[in-house]
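The values are calculated or read from the model by the stated rules, or taken from the named source; none is laboratory data. Given the structure is predicted, the values throughout are model-derived calculations rather than measurements. Glycine gets a Cβ as well: all are built from the backbone with ideal geometry, and neighbour counts include every protein chain shown. Areas reflect the complete protein model, heavy atoms only, side chains present, ligands, DNA and RNA absent. Shrake-Rupley method; radii C 1.70, N 1.55, O 1.52, S 1.80 Å.
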Amino acid sequence: SRYAPAWSGLSMALAILPNYHNVPAREVRQDLVSAARRALELDSTLAQPHVALGAAYQFDYQWDSAATEFQTAVRLDGRDVEAIMQYARNLRNRGRVADAIRVLRAARTEDPASASVLSQGSYLFYLDHQLDSALVESRRALENDSNNMPSIGNGALVMLAIKRPDSARALADRALPVFSIKEYLIAKSGDPAAARQGLEKLDAQRPQPWMAETRRAYTYLGLGDTAKALSAMERALDAKEDWPGPFAVVDPMFDPVRKSARFREILRRIGLAP
């Protein structure tokens, strides 16, 4: 009961639980914060409880508070790859892509073989329109872990950007059915019928899975139905889903709705208005 690393590990496990076990973030937030606070009471030098607290703040779209926690974690342990990655992701989600690339270099130095680090680097280069670098990092990520879902998804986005839809579709087919942009990738690869079939399967699930509305939003964007995409985004916020999830609002997938007043209101609601 007084072993700080155990409380720290529990807080981190709860922080990433929603991404892997179909559990709404709101259901773990209180336990996450309690475990992180307890860890810091026992040992204020630990970095990972601050990473967990940063994740909790992001569940509530408190981006600046989350950034403060991630910065504290990096200051306490500059070699903590998870802390570095989460801080880079926070910067990315707030549109500071160049800063995120700079921060992520430290994670790549610490763990150059990590598929997660390479995949995030690929996505950042993709957002920064450095497609050659994005392709190199994507290939490395997939070589190191061919089953890593972010590597598969980000790799497919890069393939779409360099006009290789067949390669993008091959990667999309390898993604798990619950992967949030699977149907988006299938639709953009040129098979809207298959994307609609995936949407029908999602609609038929009872109870509806966590992040269902976010998945619908991505799919409708892939199908070119911006009105339904915006409605799904609005429902995702009402349901307290982790929207925009793993993909930044500066992603080109949102370009079809970027000038919409409804989209600007969505960004205002989550604290990411330009």
Tally of residues being over 24 Å from ILE181 (Cβ atoms), outside any loop (DSSP other than H, G, I, E, B) and aliphatic (A, V, I, L, M) across the stretch 104-131: 1
From ALA261, ALA227, ALA193, ALA175, residue being in contact with a helix residue (DSSP H, G or I) (Cβ under 7 Å, 6 or more places away or on another chain) and at negative phi: ALA175
Filter result for ALA217 (surrounded by fewer than 16 Cβ atoms within 10 Å (Cβ to Cβ), at pLDDT 95 or above and either under 18 Å from PRO150 (Cα atoms) or touching a Phe, Trp or Tyr at 6+ places or on another chain (Cβ under 9 Å) (or both)): no
Scan of the stretch 156-200 for residues that are within 20 Å of ASP128 (Cα to Cα) and open to solvent by 60 Å² or more (accessible area, probe 1.4 Å), ordered by number: LYS163, ARG164
Residues that are of a type outside the set (Val, Ile, Thr) and either more than 15 Å from the chain's Cα centre (by Cα) or part of a loop (DSSP other than H, G, I, E, B) (or both), drawn from the stretch 91-103: ARG94, GLY95, ARG96, ALA98, ASP99, ARG102
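Here's the yes/no breakdown for (1) within 16 Å of GLU82 (Cα to Cα); (2) surrounded by fewer than 17 Cβ atoms within 10 Å (Cβ to Cβ):
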{"site": "ALA107", "(1), (2)": "yes, no"}
{"site": "GLU110", "(1), (2)": "yes, yes"}
{"site": "ALA113", "(1), (2)": "yes, yes"}
{"site": "SER119", "(1), (2)": "yes, no"}
{"site": "SER122", "(1), (2)": "no, no"}
{"site": "LEU131", "(1), (2)": "no, yes"}
{"site": "ALA141", "(1), (2)": "no, no"}
{"site": "PRO150", "(1), (2)": "yes, no"}
Residues located in the stretch 94-118, provided they are out of contact with any helix residue (DSSP H, G or I) (no Cβ under 7 Å at 6 or more places or on another chain) and of a type outside the set (Ser, Thr, Tyr): GLY95, ARG96, ALA98, ARG102, ARG105, PRO112
Single residue of the stretch 1-42 satisfying the filter (of a type in the set (Gly, Ala, Ser) and buried (at least 19 other Cβ atoms within 10 Å of the Cβ)) that is modelled with the lowest pLDDT: ALA25
Of all residues making up the stretch 234-274, the number that are within 27 Å of ILE162 (Cα to Cα), touching a residue at least 12 places away in the same chain (Cβ under 8 Å) and open to solvent by 50 Å² or more (accessible area, probe 1.4 Å): 3
Output for the stretch 49-71, where each listed residue is crowded, with 18+ Cβ neighbours inside 10 Å and either among the β-branched types (Val, Ile, Thr) or over 30 Å from ASP238 (Cα atoms) (or both): VAL51
Subset of the stretch 132-168 (residues that are without any contact (Cβ under 8 Å) to a residue 24 or more places away in the chain and assigned to a helix (DSSP H, G or I)): ASP132, SER133, VAL136, GLU137, SER138, ARG139, ARG140, GLU143, MET159, ASP166, SER167, ALA168
Residues satisfying the stated conditions in the stretch 72-90, i.e. assigned to a loop (DSSP other than H, G, I, E, B) and either touching a Lys or Arg at 6+ places or on another chain (Cβ under 9 Å) or open to solvent by 30 Å² or more (accessible area, probe 1.4 Å) (or both): ASP77, GLY78, ARG79
Filtered residues of the stretch 201-214 (kept if open to solvent by less than 50 Å² (accessible area, probe 1.4 Å) and of a type in the set (A, V, I, L, M, F, W, C)): LEU202, TRP210, MET211, ALA212
